[in-house]
Amino acid sequence: MIKTLLPAVCLFALLAVPATSADVSPSDTPEATSVGFPVTIEDLVLPGPLLQVKPLETRDDPFILRLVQSHPHGTSHRYTFEYYALEPGEYNLVEYLEPTDGQQAVELPATMVTVTAILPPGQIEPNMLESAPLPRVGGYWTWVLLGFLAWLAIGYAILTVGKKRSAALEASSEERPRTLADRLRPTVEAAVAGELTQAELAELERVLFAFWRKRLGLDHIPAAEARRKVLEHPEGGQLLRQLEAWLHRPDDDMPVDIPELLAPYRNLPSESLTTEAKEAVEV
């Protein structure tokens with residue numbers, strides 16, 4: 001009798017165990033990072049129709065979300081995202097998503113991520129420099145020495161500089177200084193050809209945003225507001241808007257006018273991007 005009932009009891013026990021979903025709840029595995037540092041979330045399964053990131057132009061906040069790739073997963077979809085924030089706080093990733101092609105939205109599970117500040121709370125400012133009087137330059141023999149040195153300098157200029165003037169003019173006309181447009185052109189051409197990764201495009205976007213934020217004097221306003229103003233700027237936003245298109249719509253085959261994109265950078269020295277972007281990050 002016991003041997004007869006044993007298989008039935010085992011079968012009942014197996015059926016009584018609740019089925020568990022293979023999908024990992026996003027709220028059970030929160031991701032954390034620091035301001036400005038990107039984080040990648042892989043294999044995030046969300047129900048409903050295919051989702052896309054809401055355009056930056058329709059929102060004004062310091063959270064930047066990228067959709068790296070997506071795949072069907074039964075009636076749901078599996079996503080890989082990359083995100084970073086310009087200000088510390090907690091952000092719900094699904095608030096920045098919307099269905100593609102105007103499909104009906106469904107309720108999505110919360111996916112909270114935490115972004116912490118690099119510096120402790122409170123403004124840290126350097127001490128103000130104290131002005132000090134300059135040493136006084138004067139005395140008869142001091143002025144005699146300065147006059148003698150000036151006379152030597154003028155004589156040297158008359159004898160040598162005039163002879164080299166024509167050669168210097170020819171050399172300057174042949175060797176035009178390298179501009180920031182020259183420096184950016186290979187990168188932009190590679191982006192147009194689809195040879196840059198999503199990470200490389202995002203890094204270029206961050207550097208250009210820091211450059212224009214510093215150049216337009218937007219350091220004193222919140223990062224999200226500064227980003228919106230840079231995107232709206234006729235010169236600063238031109239290349240940044242194209243980068244947004246490459247990041248969010250990689251399959252878009254719209255023609256790109258490279259000289260027009262690089263026009264705002266033609267009269268800037270090549271090293272200005274590194275200098276101003278570095279100063280903006282340090283601020």
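Summary of computed values
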| read-out | value |
| --- | --- |
| Filter result (assigned to a loop (DSSP other than H, G, I, E, B) and at pLDDT 85 or above) within the range 198-234 | Leu216, Gly217, Leu218, His220, Ile221, Pro222, His233, Pro234 |
| Residues that are under 27 Å from Ala117 (Cβ atoms) and part of a strand (DSSP E or B), drawn from the range 69-86 | Thr80, Phe81, Glu82, Tyr83, Tyr84, Ala85 |
| Unique residue being modelled with pLDDT under 85 and closer than 30 Å to Phe81 by Cα when the list is Ala117, Ala181 | Ala117 |
| Cβ-Cβ under 7 Å pairs, at least 6 apart or on other chains, the range 68-81 side in the same structural domain as Pro99 (by the TED database) and among the aliphatic types (A, V, I, L, M), far side assigned to a strand (DSSP E or B) and crowded, with 16+ Cβ neighbours inside 10 Å | Val68/Thr80; Val68/Phe81; Val68/Glu82 |
| Failed item, numbered, when Glu107 is tested on (1) at pLDDT 80 or above; (2) part of a helix (DSSP H, G or I); (3) exposed (fewer than 10 other Cβ atoms within 10 Å of the Cβ) | (2) |
| The range 201-215, residues that are of a type in the set (A, V, I, L, M, F, W, C) and either touching a strand residue (DSSP E or B) at 6+ places or on another chain (Cβ under 7 Å) or without any contact (Cβ under 8 Å) to a residue 12 or more places away in the chain (or both) | Ala202 |
| When residues of the range 51-68 are limited to those that are modelled with pLDDT of 80 or more and part of a loop (DSSP other than H, G, I, E, B), the one nearest to the chain's Cα centre (by Cα) | Pro62 |
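The values are calculated or read from the model by the stated rules, or taken from the named source; none is laboratory data. Computed from a predicted structure; not experimentally measured. Cβ sites come from the backbone with ideal geometry, for glycine too, and all protein chains shown count toward neighbours.
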